[in-house]
1. Taking the DSSP beta bridges in segment 1-139 as the whole, what percent of them are antiparallel, to the nearest 5?
2. Can you compute 3J(HN,Hα) from phi for each residue in segment 158-164, using the Karplus curve 6.51 cos²θ - 1.76 cosθ + 1.60 with θ = phi - 60°, rounded to whole Hz and x for Gly and Pro?
3. Short version: ³J(HN,Hα) in whole Hz for each residue of segment 105-117, in order, from phi by Karplus 6.51 cos²θ - 1.76 cosθ + 1.60 (θ = phi - 60°), x for Gly and Pro, what are they?
4. How large is the translational diffusion coefficient of segment 6-157 in µm² per second when you combine the Kirkwood radius over alpha carbon pairs with Stokes-Einstein at 20 °C and 1.002 mPa s?
5. Take 12, 164 and order them by how many other Cβ atoms sit within 10 Å, fewest up front.
6. How high is the FRET efficiency from residue 6 to residue 28, r the C-beta distance, R0 45 Å, rounded to 0.05?
7. Enumerate the amide H contacts of residue 132 below 5 Å, restricted to partners 5 or more residues apart or on another chain; note that Pro and chain-start residues carry no placed amide H.
8. Among 16, 103, rank each residue by its count of other Cβ atoms within 10 Å, from fewest to most, as a rough exposure measure.
Amino acid sequence: TGTFDSRNVGTDRTVTLASSYSGADAGNYVFVDQASTTASITPKALTVVNLLALDKVYDGTTHASINVSLAILNGIIADDDVALAELSGQFADRNVGQNITVTTGQPTLTGEHAGNYTIEPISTLAASITPRDLAVTATALDKMFDGTLNANVTIGDNRIRLEDELLYDFTSRFVSAEPGQNRLVLVTEILLGGADAGNYRLLNTAATTFANIRPLSIFDQLPNAEQIIVDSQANAQLTAESPVTKVVPPQLLAKPSPQGPGMAPGVRFVSVNEPSASLAAQFEPGAGLQLVAQPRPGEQTATVTLSEVAEMVALPEEAGVDSSRERRRIRVPLNNRSLVDVVDGGVALPEGVEQIMFVTKR
């Protein structure tokens, strides 16, 4: 008989021999015993059962988690310390689906006696990928008054993978067509489409946001100015509920001349001699203010309407002119593309219509 020098796997391990002899003629011989030899111990193969690939929510990858906590290793010799190490896998497809094939790498063993065993490759597993919740938000762009409720909206979302192709159909509109700050915009009937739409579950089909509708300014320049003016005039008439309802001016002008009637060459402003308290508070006390055709880049500015300017601009005295009536005619340099009345270089606005101007420090 022989005894290995270790119970563990190894090559050319020493085996100590113990000999005994028998037979009718054994006494006729003198035996010289062989004390030792060598031999190898090879690993024992194990199989694993109860290995489970876990379902997951779509995350844009093929990574799969494997639950080894319930796994059973068949073939372990009693009392040997052997366990299956953590194991990861790969789905055959990153997209949502049922019973998708999951493959694993070569499993490994842990424990004091892990080196005495090998493990057979794991047969194919399967698991499902379920849709991910998708919340959408809306962002509306500010616009210039056009008399309509039309809103230009972009949809944002919390997609897990930026490369995912998601497209949206929806309707959007301002609640009011009137100019103003933080006008409410409603986005409804949101529908999800695109190549990766099936990987998500849309949580909301409506959203709200806010945007500004700014009045048309005499400094606005657009390629389709004339058509916008025509459309704005028609819509302004439709949205006005009474003769005193103020609507944004339906005029749009090309770049104004920097010089008005009676102004010296190079002069581009009209003095504001009687600023309102709210306007004066926006500038340092005692600052000289002026009404300008176009502010310079970086200038501190405040916006006012023409009716407000009418109360602040000192106009030159003219013989035979009612000064109170003259105040309603603001002399601001324009050009001949204006669709409002231009009288001696000044603007006579339609009843109930306002216009934005700029005030800066002199």
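Read-outs throughout are calculated quantities, based only on the coordinates presented, and are distinct from any laboratory measurement. Fair warning: this is a prediction, and the values are worked out from it, not measured in the lab. All Cβ positions, glycine included, derive from the backbone under ideal geometry; neighbour counts span all protein chains shown.
1. That works out to approximately 85 percent antiparallel.
2. Couplings: 10, 3, 7, 10, 4, 6, 4 Hz.
3. x, 5, x, 10, 10, 10, x, 4, 10, 4, x, 8, 9
4. So the translational diffusion coefficient is about 99 µm²/s.
5. Placing the least packed residue first, the sequence is 12, 164.
6. 0.70
7. Under 5 Å from the amide H of residue 132: 58, 200, 201.
8. Starting with the residue having the fewest Cβ neighbours, the order is 16, 103.
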